[in-house]
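The values are calculated or read from the model by the stated rules, or taken from the named source; none is laboratory data. Source: prediction; values computed, not measured. Virtual Cβ from ideal backbone geometry, glycine too; neighbours counted across all protein chains shown.
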Amino acid sequence: MPRHLHALSRRRLLKGLLGTAAAAALPPLDTLAETPRTLTREVPGNDESLPLVGLGSWITFNVGDDPALLESCTGVMAAFFAAGGRLIDSSPMYGSSQATIGHGLSQLGAVDRVYAADKIWTSSPDDGPAQVEASRSHWGVPRFDLLQVHNLVAWEANLDTLLAMKEAGEVRRVGITTSHGRRHENVERIMREAPLDFVQLTYNIVDREAEQRLLPLAREKGLGVIANRPFQQKRLIRRLEDKPLPEWAGKIDAGTWAQFILKFIISHPDVTCAIPATTQVEHVRENLAAAREPLPDADLRRHMADYVQSL
Amino acid sequence: MSEWWTYRLGDFLMFSPRVYERLFVLYNQALWPAQLLALALGGAILFLLLRPGNTGMRLVMVLLGLAWVFVAWTFLWQRYAPVNLMIPYVAPLFVLQTLLLLGLGTLKSKLNLPAHWSVPRSLGSTLFVYALAVHPWVTAFPTSRGLWGAEVIGLTPDPLAIATLGIAAMANPASKAWLLMVVPALWCLISGLTLLALQAPLAWLPPLAVGMALVARLWPRR
């Protein structure tokens, strides 16, 4: 019994130490801003740009108050920032993920470098402001860079809350989210009618419905686009992992299926960033490395999608 | 709400297998050596079940009732709720189960066990013995948790629910026993779905316990 546990603890401890070491190695923000190889894209309508790969927190950062797993997540965040990442996305619906992010930001002293994206998720809009404040407290940031209405829950009233907060300077940008390709008609209507800054939706090499209307509309309206579920919560990777990468993947320096898929997503000109979630430092490095030249052009993107479709 | 049918079971899972495993490991480490006391009390209940009597049955109901409220607070509320947003809605049901056990099992109690061995009593006893003596091992060793990850009766919800189902499945009168089965059966189904979403190999165990309890409960009594 103890033997097994001690083996587990040693492994976790090592991970924690690695995370701490990574945090110590974290370059200062001004250095990160000059990191030449991590590509960024301008947020339409806003005078700022974001690295093409961000960090999601669904499931992966919901670790409660487990000290070993909190340190493991801090290690992931350290590697993310060290590779030039900025946008981290979470939600009150993600259990303890917000608190985990806050722990990591505090440990890494990274409050100033994160682009903090969170959500409002309540069917009782009167509770919205208190929920946002609780979220902000978990993160430990002075204010959010982006707040989104999660999955269009009570979207009219919740968006009113967010717009009022933006007007008051309590949040910088506002948006809406959907996932799994659901409610695209509603999303389209809101994108046309509401003064949004961002829309978050599911887009990857096999879930491409957004290409038809939502991505062109985002360009027309000048909205940033965050692509969630880039790997369909790992299912896409599992489906492809025993298949060989095509030789021509080398043309875009895609060394793994994860990089192949990410490069497809972020090379769409209307996508601002993709937000893969992970529990592993090596995966976050691999993901950020996908946000480097070369990216596929339109012809190669078609070829990539056809190839995956054929597998 | 037809959209709900487009979700997969895994879409509702909000934590990873490693978090679920560590939940039990850290819990057991924090409570040690309470596991020994819980197992001893479980053994005492088994002793009372093998020698059915009114006083003994009242004591069984009190111990079970205390266990349900203990698990609600120390495991569900303090440990599980931070990573599972559904738990705050489930924990009150555990308190309700405590009230049912104390109320139906002790106040003017007519709840009793059959004096002679029968199919219902055999199935019910099997469920209890499984929860007490087998469940800790099957949750510890076929998984990567190790013994610290064992789910022990009286401290964690699955074996407690299975044990309660076993007792309620063989108890009389049926009207009271059915009431005592609702919350444990509901928990076993929730737990089974959670384990299924986690792709745990033993996800079928809690629903199987419900099935066995139903067979025992519905078995014709002479």
Query raised in the report: For the stretch A:189-212, what are the residues that are crowded, with 16+ Cβ neighbours inside 10 Å, out of contact with any Phe, Trp or Tyr (no Cβ under 8 Å at 6 or more places or on another chain) and part of a helix (DSSP H, G or I)?
Result: A:MET191
Requested in this report: Filter the helices (runs of 4 or more DSSP H) completely within the stretch B:94-210 down to those with at least 3 residues that are under 13 Å from the mean Cα position of the chain (by Cα) and free of Cβ contacts under 8 Å to residues at least 24 places away in the same chain.
Outcome: B:174-197
Query raised in the report: Which residues, counting only those in the stretch A:273-288, are farther than 16 Å from A:ARG235 by Cα and surrounded by fewer than 24 Cβ atoms within 10 Å (Cβ to Cβ)?
Result: A:GLN280, A:VAL281, A:GLU282, A:ARG285, A:GLU286
Query - Considering residues of the stretch A:172-188 that are out of contact with any Ser or Thr (no Cβ under 6 Å at 6 or more places or on another chain) and either in a helix (DSSP H, G or I) or of a type in the set (D, E, K, R) (or both) only, the residue surrounded by the fewest Cβ atoms within 10 Å (Cβ to Cβ) - result: A:GLU185
Report task. Can you tell me which residue within the stretch A:49-64, out of those that are modelled with pLDDT of 95 or more and out of contact with any Gly (no Cβ under 8 Å at 6 or more places or on another chain), is farthest from the other protein chains (Cβ to nearest Cβ)? Result -> A:LEU52
Report summary line: Every listed condition ((1) modelled with pLDDT under 95; (2) touching a strand residue (DSSP E or B) at 6+ places or on another chain (Cβ under 6 Å)) holds for A:ARG235 save (2)
**Report entry** Criterion violated by A:PHE231 - all others in (1) on the phi > 0 side of the Ramachandran plot; (2) crowded, with 16+ Cβ neighbours inside 10 Å; (3) touching a residue at least 40 places away in the same chain (Cβ under 8 Å) satisfied
**Finding:** (1)
Report task. Sort out which residues of the stretch B:165-211 are surrounded by fewer than 20 Cβ atoms within 10 Å (Cβ to Cβ), within 19 Å of B:VAL60 (Cβ to Cβ) and not β-branched (Val, Ile, Thr), and write them in order of number. Result -> B:ASN172, B:PRO173, B:ALA174, B:SER175, B:LYS176, B:TRP178, B:LEU179
Query raised in the report: Do we find that B:ALA171 is closer than 23 Å to B:LEU113 by Cα and in contact with a strand residue (DSSP E or B) (Cβ under 9 Å, 6 or more places away or on another chain) in this structure?
Result: yes
**Report entry** Candidate set: the stretch B:1-21, residues that are in contact (Cβ under 8 Å) with a residue 24 or more places away in the chain and assigned to a helix (DSSP H, G or I); chosen: the one nearest to the other protein chains (Cβ to nearest Cβ)
**Finding:** B:VAL19
Requested in this report: From B:LEU104, B:LEU113, B:LEU99, B:LEU123, grab the single residue that is away from chain A (no Cβ under 13 Å), more than 17 Å from B:SER191 (Cβ to Cβ) and exposed (fewer than 15 other Cβ atoms within 10 Å of the Cβ).
Outcome: B:LEU99
Query raised in the report: Just a yes or no: is a residue in the stretch A:102-109 more than 23 Å from B:ASP11 (Cα to Cα), touching a residue at least 60 places away in the same chain (Cβ under 8 Å) and surrounded by 23 or more Cβ atoms within 10 Å (Cβ to Cβ)?
Result: yes
**Report entry** Residue check, B:LEU36 surrounded by fewer than 16 Cβ atoms within 10 Å (Cβ to Cβ), modelled with pLDDT of 95 or more and either under 16 Å from B:GLU151 (Cβ atoms) or touching a strand residue (DSSP E or B) at 6+ places or on another chain (Cβ under 9 Å) (or both)
**Finding:** yes
Report summary line: Selection over the stretch A:95-118 where residues are part of a helix (DSSP H, G or I) and either among the β-branched types (Val, Ile, Thr) or modelled with pLDDT under 95 (or both) yields a count of 2
Query raised in the report: Out of the stretch A:138-159, which residues are in a helix (DSSP H, G or I) and in contact (Cβ under 8 Å) with a residue 12 or more places away in the chain?
Result: A:HIS138, A:TRP139, A:HIS150, A:ASN151, A:LEU152, A:TRP155, A:ALA157, A:ASN158, A:LEU159
Query raised in the report: Restricting the search to the stretch A:82-93, which residues are touching a strand residue (DSSP E or B) at 6+ places or on another chain (Cβ under 9 Å) and part of a helix (DSSP H, G or I)?
Result: A:PRO92, A:MET93
Report summary line: Going through (1) closer than 23 Å to A:PRO67 by Cβ; (2) buried (at least 18 other Cβ atoms within 10 Å of the Cβ); (3) away from chain B (no Cβ under 14 Å) one by one, A:GLY84 fails only at (1)
Requested in this report: Of the conditions (1) buried (at least 23 other Cβ atoms within 10 Å of the Cβ); (2) in contact with a strand residue (DSSP E or B) (Cβ under 7 Å, 6 or more places away or on another chain); (3) closer than 28 Å to A:ILE120 by Cβ; (4) touching a residue at least 40 places away in the same chain (Cβ under 8 Å), A:ASP270 clears all except one; give me its number.
Outcome: (1)
Report summary line: In the stretch B:33-91, residues that are under 30 Å from A:SER91 (Cα atoms) and assigned to a helix (DSSP H, G or I) total 18
Query raised in the report: Is it true that some residue in the stretch A:255-263 is in a helix (DSSP H, G or I), of a type outside the set (Gly, Ala, Ser) and more than 30 Å from A:THR74 (Cα to Cα)?
Result: no
Query raised in the report: Do you know which residues across the stretch A:240-254 are assigned to a helix (DSSP H, G or I) and touching a residue at least 60 places away in the same chain (Cβ under 8 Å)?
Result: A:LEU240
Query raised in the report: All but one of (1) of a type in the set (Lys, Arg); (2) surrounded by 18 or more Cβ atoms within 10 Å (Cβ to Cβ); (3) more than 12 Å from chain A (Cβ to nearest Cβ) hold for B:ARG79; which doesn't?
Result: (3)
**Report entry** Unique match (being farther than 22 Å from A:GLU286 by Cβ and either surrounded by 24 or more Cβ atoms within 10 Å (Cβ to Cβ) or in contact with a strand residue (DSSP E or B) (Cβ under 9 Å, 6 or more places away or on another chain) (or both)) among A:GLY54, A:GLY45
**Finding:** A:GLY45
Report summary line: Restricting the stretch B:22-56 to residues that are under 27 Å from A:THR100 (Cα atoms) and within 18 Å of the chain's Cα centre (by Cα), the one nearest to the other protein chains (Cβ to nearest Cβ) turns out to be B:LEU23
